[in-house]
1. For each of Trp64, Trp265, count neighbouring Cβ atoms within 10 Å of the residue's Cβ, then give the residues from fewest to most.
2. Rank the residues Val321, Val97, Val308 as a footprinting-exposure proxy: fewest other Cβ atoms within 10 Å of their Cβ go first.
3. Given points 7 Å out from each Cα along the Cα-Cβ axis, report the Ile118 to Ser280 separation in nanometres with one decimal.
4. If you look for lysine pairs in segment 42-124 that are eight or more places apart or on different chains, how many of them have Cα atoms under 30 Å apart?
5. Are there any trypsin sites (Lys or Arg not before Pro) in segment 52-134 that are in a DSSP loop and have at most 16 other Cβ atoms within 10 Å? List them by number.
6. So, in nm, how far is label Leu264 from label Arg298 when the simple model puts each one 7 Å beyond its Cα toward the Cβ?
7. What ³J(HN,Hα) values, in whole Hz, does the Karplus curve 6.51 cos²θ - 1.76 cosθ + 1.60 give for segment 279-286 when θ = phi - 60°, with x put for Gly and Pro?
8. Taking neighbour counts of Cβ atoms within 10 Å as a proxy for exposure, in what order, fewest first, do Tyr293, Tyr94 appear?
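Laboratory data are not the source of any read-out in this text; all were calculated from the coordinates shown. Since the structure is predicted, the reported quantities are computational estimates derived from the model, not experimental observations. Counting neighbours? That spans all protein chains shown, and the Cβs are built from the backbone with ideal geometry, glycine included.
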Amino acid sequence: MLRKTKHLHKKAIITFCFLTGWIFSLSAQDPYFSQFFMNPVYMNPSYSGTMKVPRIGIQYRNQWPAFNKAYTTYFASFDTYLPKISSGIGLLMYQDVQADGTYTQSSFKAIYSREIRINKDWTMYGSLSAGAQMNALNFSRLLFPDGLDAIYGIQLPSGETMPENNRRIFPDFGAGILMYNGKYFFGLAGDHLSEPNQSIYSEFPTALPRKFTAHFEVNLPWHRPGHWRKYYSFNPNIIIQSQGNEQNITLGVYANRKGFSLGLWTRQTTRKSTDIIAMSGFMGKQMKTAITYDTNLRGVGLRSHGSVEISISFLLKDPGVKSIFPYYEIPGEWEVR
């Protein structure tokens, strides 16, 4: 009985803090994916159509599994190129399930991107995205201090007021720009441009803060000396994101050879939190898959058991030409000078 009582006390504190801190006053942040290269249309909608063939991406992230399914995120996307109008179109959707289903964010967006050839080396894509997001609260899963019997360890009815509607649906808009050649790739993106009201409680309006992303990547091929040379590629990259009062910088590198990839990044946030991200992946000609593990060195630390992310991406048609994008480029075993 004592163990059960302690468990209910802990659950009550967590859920009460969740409701009062998250729903009422905290400006919620978007889900963050470590494998930004596996769902690039989420990072920047201007990636829609850049592969010139239809592409499907699926992603799963389990963040802090030691905290009873604190954050579980599902993601899917589709994009393709329309050569007749030199444009790309795309769809993306995700569901972020928080506190084991207590609070859920679901988003769906359609994307249009326009290809602009600057010169024979440089290409630019500009994009717009539009869709809707639904926030849902499962009030029956919440425990409050006034609904907990500290002696017998049982849950009692609470005096807390339920919201008039457990769901809120609102429109959402974004935009982006991407520029690249065979070596350099950089872009800017903005999301939630209208800062819509996301609060379920009408008496406590809360704007969803705009999110801004800047990203930069360099493709650095490497050859061993000799006429027949083994060929590798190294890709340093940096991502800077800002949303409301939160900012983070992700800095790292991944390397490819014969379809096998390894990567290592560090992520710094304004809360002085430091994450280390390790990645292993495989690229086929039309399919790629990857797994990452994040561990937090400050804040929740190793007590959270880190975060695991698994993804898979398909090209539904053989591009027919060597990709200019680093993570879709498969360095061969041998390369002639």
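1. Numbers: Trp64 18, Trp265 21.
Result, fewest neighbours first: Trp64, Trp265.
2. Fewest to most other Cβ atoms nearby, the residues stand as Val321, Val308, Val97.
3. Output for this residue pair reads 3.9 nm.
4. On the way: Lys52/Lys84; Lys52/Lys109; Lys52/Lys120; Lys69/Lys109; Lys84/Lys109; Lys84/Lys120.
Pairs that pass both the separation and distance tests number 6.
5. Numbers: sites: Lys52, Arg55, Arg61, Lys69, Lys84, Lys109, Arg114, Arg117, Lys120; in loops: Lys52, Lys69, Lys120.
Answer by residue number: Lys69, Lys120.
6. 2.1 nm
7. Along segment 279-286, the couplings run 10, 9, x, 9, 10, x, 5, 10 Hz.
8. Arranged by neighbour count, lowest to highest, Tyr293, Tyr94 become Tyr293, Tyr94.
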